[in-house]
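See structure below.
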Amino acid sequence: MKELSLNILDIAENSVKAKAPLTQILLDETETVLTISIVDNGCGMTEDVVKRVTDPFYTTRTTRKVGLGIPFFKMEAEMTGGSFSIESKSESEFPNDHGTMIKATFHKDHIDFIPLGDVISTITTLIQGHPDSDFLFRHVFPGGEASLDTRELRNELGGVSLAEYEVIKWIDEYLKEQYTSN
C-alpha cells in the first residue's frame, strides 16, 4: 500500500468485522521509529488461524481467494528492519477475554519506509462507516499527541449518530487542530 494509514484502515475494518465493540489504534512515534498497534476485543482467532494469517494465500473471506492486508503490513515493517507480531485469543476458547493485537514497528530512516499518510481521514472514515462501533485513537509523536475516544463523544452527543456530517466534520477539525497545535 502507498500509505501506512491504508493498512490501519484495512486492519481496523477486520476488527469491526470481528464484532469488536472497541478497536484501539495506537501510534507511538519517535524521530526514527514508528510503532503501530491495533488492538480489539472482537471474536479473536484460533491458534491455527493466527499461524496462517500472514500467508497471502490464506483468507477467511468468500469473495476472494487471497488476503493481503496483514501480509503486506508485516512485509512493510520488516522491509524497514522493523518487526511484526500478532496475538489473538478466540472467543470460543476464551469467552471472557478474547480479541486480537497486531503490532508493527517501522524504522522511519530506512529507504523502504512507507509514509504514515492521512491518518485523520482513516479515523474519520472508520467512524463514519461504523458509527455503532467504538474507536480509541492515540498518536504520540515528537512534540505532541493527538487522541480521540468515540465513547467520550457518545456521552457528550447523547443519541446523535457519530456518522452525522456535522459530527464527522468536527472530528476531522478536532484531530487537525491537535496535530497543528503541537
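Rule-based calculations on the coordinates, nothing more; no lab input. The shown structure was predicted, so the numbers you read here are calculated from the model rather than taken from an experiment. Please note: Cβ atoms are built from the backbone with ideal geometry, for glycine as well, and neighbour counts cover all protein chains shown.
Some values worked out for this structure:
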quantity	calculated
Exposure rule at most 15 other beta-carbon atoms within 10 Å, DSSP loop GluC sites (Glu not before Pro): the chain longest free segment	94-163
In the range 4-180, lysine pairs closer than 16 Å at Cα, eight or more apart or cross-chain	8
Summed residue charge, Cβ within 13 Å of residue 155's Cβ, Lys/Arg positive, Asp/Glu negative	-2
Residue with peak Gaussian network fluctuation, the chain [Cα springs, cutoff 10 Å], from 168, 102, 111	111
The range 4-180, dipole about Cα centre (Lys/Arg Cβ +1, Asp/Glu Cβ -1), debye to the nearest 20	620 debye
Distance in nm between pseudo-label sites at residue 28 and residue 172 (7 Å out along the Cβ direction from Cα)	3.2 nm
Which of 111, 130, 140, positive extreme of dipole for the range 64-169 (C-beta unit charges)	111
Cβ-derived FRET efficiency at R0 25 Å, residue 149 paired with residue 96, nearest 0.05	0.60
